[in-house]
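Participant: Sharing a structure below in structure tokens format, with a few things to ask.
Just so it is clear, none of the values below were taken in a lab; they were calculated from the coordinates. No experiment lies behind these values; they were computed from the predicted model shown. Every residue, glycine among them, receives a Cβ derived from its backbone with ideal geometry; neighbour counts consider all protein chains shown.
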Amino acid sequence: MLLKEKMLRLGFGAGFPGHGTEEVLLSMEGILNRGSERLLEGARNEDVGFGWFDLSDSPPEGLFETVEWLRGFDSVVQIGIGGSALGNRMISSALCHPFYNELTRKERGGPRFYIADNADPEGTSAILDMIDPTRTAYIVASKSGSTAETMANFLLFLDSLAGSGVKSPKGNVLVVTDKEKGSLRSFAEETGCRSFPVPSTVGGRYSVLSPVGLLSAGAQGVDINSLLLGASAMRSSLTKKKEISRDPAMVMAASAIHHFREGRNIITFMPYSDNLDAFSEWFSQLWAESLGKDGWGSTPLKALGATDQHSQLQLFAEGPDDKLFLFIVPTSRRDLLMPAPSWKSLDDLSYLEGKGMGSMLDLEALSTAAALVKKGRPVLWLEIPVLDAFHLGGMVFFFEYVTAVTGLALDVDPFDQPGVEQGKKYTYGLMGRPGFESDAAEARERFSSILGSSASL
Ligand code: PA5
């Protein structure tokens, strides 16, 4: 399993059981070409939604200077949700030490990092317990500048800052929001806080390579330039015309569409790497929110190898044949050699002696994929040479590209999220936000149907 000088490889020989792979791919070629042409055209015209396509061309002005400013604090809190948080967590867990916050300042090299995304008093109180408000930078990120969960967290952190005697938020707060609209933009203007725009053509879940994701990554010492270079390199290779069967993005899009039509409406995203566990969450939002429309959409199911071999694999192998499996495997990784068992009672374990734990994980991926193939389940196998900033940037672009092309091929708008907006409006109404009174009434009425019948103990 050695992959050299390539950014990524997708094995799909077992991706279409019971069908001729070539035939399936050729039958999809027309709609997929339409999808990629629409994407290139939208990007060329700088249409709304397509701005992520060239985000990696150049980092926004002032980014590196602001990263240095952030690195001067003890802690950085990212306040945001969905696309304003999942990418931050994804980069952090892919590239930073898993116990980053527990390392010493010298070992970390940067401030501690926390994400306040959910509006759960437990989570927010826990962060408040860990930080010195005066020695903390708060990155409040919201494209709309009004999302209730983000605003609730923001008000609480602002209050704690003021409660610690800091008169103006200017020295601690950094706003990332729309260039012109929304309360956060007005706040930045009123207080003089530092701010960055979320480009108007970039949607939340496609914004990780904008200031939304880059600032916190840089604060933790992630090599931002390499992330962007990786994304650009992936874009150049994806936009070179090639046969469909030699194009991993087209093959993945074709598989998703084919299997959805065959009744396999779940896509199991299974990295064999702890560092990529949060990548699955980022991908889930991207895939679900972009493509779950008009009755279309395959449900992203998060699984982690090898952990989920001992949890969900039984269902994967013998439950309903409703899933497409995507394995993700870095082909080189750090290894730990297993020592000889030093107790007689452990003699049975001598088969592990001298073997690498990382090699075992690779073989577990191989065994599990093979076991699924034996059961006739469709498996795609994605390899990256190594998990570093360059290849992570490449993977980000790859999955954004596949998602957008899949939607555009199917006439599904991959850049809106009307189903999310409805819930947001109900919440505003129920929380008493002026202008949303009728939403509150409607939410109550619809909810009452759930408790119209109930059973209790
Ligand atoms: O992708 C999207 O647009 C959404 O999931 C948003 O990221 C999420 O709802 C947060 O919105 P905002 O950034 O406007 O606070």
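Participant: Based on the alpha-carbon gyration tensor of the stretch 1-129 and its eigenvalue square roots a ≥ b ≥ c, which shape applies: rounded if a/c is under 1.5, prolate if not and a/b is larger than b/c, or oblate?
Facilitator: Values: a/c = 2.23, a/b = 1.82, b/c = 1.22.
Prolate is the answer for the stretch 1-129, as a/c is 1.5 or above and a/b outweighs b/c.
Participant: Right, here's the next one. Between residue 455 and residue 132, what length in nm is gained on full extension when 0.36 nm per residue of separation is reduced by their alpha carbon distance?
Facilitator: On the way: separation 323, 0.36 × 323 = 116.28 nm, distance 4.68 nm.
So the extension gain works out to 111.6 nm.
Participant: Calculated from DSSP H runs of 4 or more alone, at -39500 (n - 2.57) each and per residue, what is the 222 nm mean residue ellipticity of the chain, nearest 500?
Facilitator: Values: 16 runs with 205 residues, N = 457.
Estimated from H runs of four or more residues: -14000 deg cm²/dmol.
Participant: Test of the criteria: in the stretch 181-224, which trypsin sites (Lys or Arg not before Pro) are in a DSSP loop and have at most 14 other Cβ atoms within 10 angstrom of their Cβ?
Facilitator: Filter output for the stretch 181-224: 181.
Participant: Given contacts defined as C-alpha pairs under 8 Å and at least six residues apart, what's the relative contact order of the stretch 178-321, whole-number percent? Kindly include the intermediate steps, with their values, before the conclusion.
Facilitator: On the way: 97 pairs, mean separation 22.7, N = 144.
The value is 16 percent.
Participant: With +1 assigned to the C-beta of every Lys and Arg and -1 to the C-beta of every Asp and Glu, and no other charges, what is the dipole magnitude of the stretch 305-399 about the Cα centre in debye, to the nearest 20? Mind dumping the intermediate values first?
Facilitator: Details: 8 positive and 12 negative charges, 16 e Å.
With Lys and Arg at +1 and Asp and Glu at -1, about 80 debye.
Participant: Using just the C-alpha positions of the stretch 87-151 as equal point scatterers, what log10 of I(q)/I(0) does the Debye formula give at each q in 0.27, 0.28 1/Å?
Facilitator: Debye intensities relative to I(0), on a log10 scale: -1.37, -1.38.
Participant: Further, regarding this structure: Give me the net charge for the shell around residue 133: Cβ to Cβ below 12 angstrom, other residues only, Lys and Arg +1, Asp and Glu -1.
Facilitator: On the way: positive: 135; negative: 74, 129, 132, 159.
With Lys, Arg at +1 and Asp, Glu at -1, the net is -3.
Participant: Please report the net charge: other residues with Cβ closer than 11 Å to the Cβ of residue 357, K and R +1, D and E -1.
Facilitator: Charge balance in the 11 Å sphere: 0.
Participant: Averaging sequence separations of C-alpha pairs under 8 Å and six or more residues apart, then dividing by the length of the chain, give the relative contact order as a whole percent. List each step's numbers first, then the result.
Facilitator: Working: 770 pairs, mean separation 104.0, N = 457.
Relative contact order here is 23 percent.
Participant: Kirkwood Rh and Cα-based Rg: tell me the resulting Rg over Rh for the chain, rounded to two decimals. It would help to have the intermediate numbers written out before the result.
Facilitator: Numbers: Rg = 23.4 Å, Rh = 23.7 Å.
Using only Cα positions, Rg/Rh for the chain is 0.99.
Participant: What fraction of the Cα pairs in the stretch 329-388, stated in percent, has a spacing above 14 angstrom? The partial results should precede the final answer.
Facilitator: Working: 1166 of 1770 pairs.
Roughly 66 percent, once rounded to a whole number.
Participant: Still on this structure, I have one more. Would you mind counting up the charge near residue 305? Only other residues with Cβ under 12 Å from its Cβ, with Lys and Arg at +1 and Asp and Glu at -1. Don't skip to the end; give the middle numbers.
Facilitator: On the way: positive: 302; negative: 274, 277, 308, 362, 364.
Spelling it out: positives minus negatives among the neighbours equals -4.
Participant: For the stretch 15-70, just say rounded, prolate or oblate: build the C-alpha gyration tensor, square-root its eigenvalues into a ≥ b ≥ c, call rounded for a/c under 1.5, and beyond that prolate if a/b exceeds b/c, oblate if not.
Facilitator: oblate
Participant: Could you calculate the contour length gain from residue 57 to residue 168, that is, 0.36 nm times the residue separation minus the distance between their Cα atoms, to one decimal place in nm? Provide the component values of the computation, followed by the final result.
Facilitator: On the way: separation 111, 0.36 × 111 = 39.96 nm, distance 3.50 nm.
Length difference between fully extended and current span is 36.5 nm.
Participant: Here's a follow-up. Place +1 on the Cβ of every Lys and Arg and -1 on the Cβ of every Asp and Glu in the stretch 352-399, take the dipole about the Cα centre, and give the residue among 391, 372, 359 whose Cα lies farthest towards its positive end.
Facilitator: The residue sitting farthest along the positive end of the dipole is 372.
Participant: Using 0.36 nm per residue of separation minus the Cα-Cα distance, give me the extension gain between residue 318 and residue 6 in nm, one decimal.
Facilitator: On the way: separation 312, 0.36 × 312 = 112.32 nm, distance 3.49 nm.
Going from the current span to full extension adds 108.8 nm.
Participant: For the pair residue 274 and residue 348, what calculated FRET efficiency results from E = 1/(1 + (r/R0)^6), where r is the Cβ-Cβ distance and R0 = 35 Å, to the nearest 0.05? List each step's numbers first, then the result.
Facilitator: Values: r = 27 Å, r/R0 = 0.77.
For R0 = 35 Å, the calculated efficiency reads 0.85.
Participant: While we're looking at this one, here's another question. Could you list the GluC sites (Glu not before Pro) in the stretch 213-312 that lie in coil according to DSSP, counting only those with at most 15 other Cβ atoms within 10 Å of their Cβ? Display every interim value, and only then the final one.
Facilitator: Working: sites: 243, 262, 281, 289; in loops: 243, 262.
The qualifying sites are 243.
Participant: Taking a ≥ b ≥ c as the square roots of the Cα gyration tensor eigenvalues, with a/c under 1.5 meaning rounded and otherwise prolate when a/b beats b/c, else oblate, which class fits the stretch 118-207? It would help to have the intermediate numbers written out before the result.
Facilitator: Working: a/c = 2.22, a/b = 1.39, b/c = 1.60.
Here the stretch 118-207 falls in the oblate category.
Participant: Could I ask something else about it? Once amide H atoms are built 1.01 Å from N in the peptide plane, which residues 5 or more positions from residue 138, or in another chain, come under 5 Å H to H?
Facilitator: 77, 173, 174
Participant: With labels modelled as points extended 7 Å from the Cα through the Cβ direction, what inter-label distance (nm, one decimal) is found for residue 366 paired with residue 189?
Facilitator: 6.2 nm
Participant: Follow-up. With a point put 7 Å past each Cα toward its Cβ, work out how far residue 26 is from residue 357 in nm, to one decimal.
Facilitator: 4.9 nm
Participant: Can you say what percent of the DSSP beta bridges in the chain, counting only those with both residues inside, are antiparallel? Round to 5. Intermediate values should be presented prior to the final figure.
Facilitator: Numbers: 4 of 39 bridges.
Roughly 10 percent of the beta bridges in the chain run antiparallel, per DSSP.
Participant: What is the antiparallel percent of DSSP beta bridges lying wholly in the stretch 266-368, to the nearest 5? Before the final figure, lay out each step's value.
Facilitator: Numbers: 1 of 11 bridges.
For the stretch 266-368, the DSSP antiparallel bridge percentage is about 10.
Participant: Longest exposed-loop-site-free stretch of the chain, with chymotrypsin sites (Phe, Trp or Tyr not before Pro), DSSP loop and at most 12 other Cβ within 10 Å?
Facilitator: Working: sites that count: 99, 343.
Result for the longest clean stretch: 100-342.
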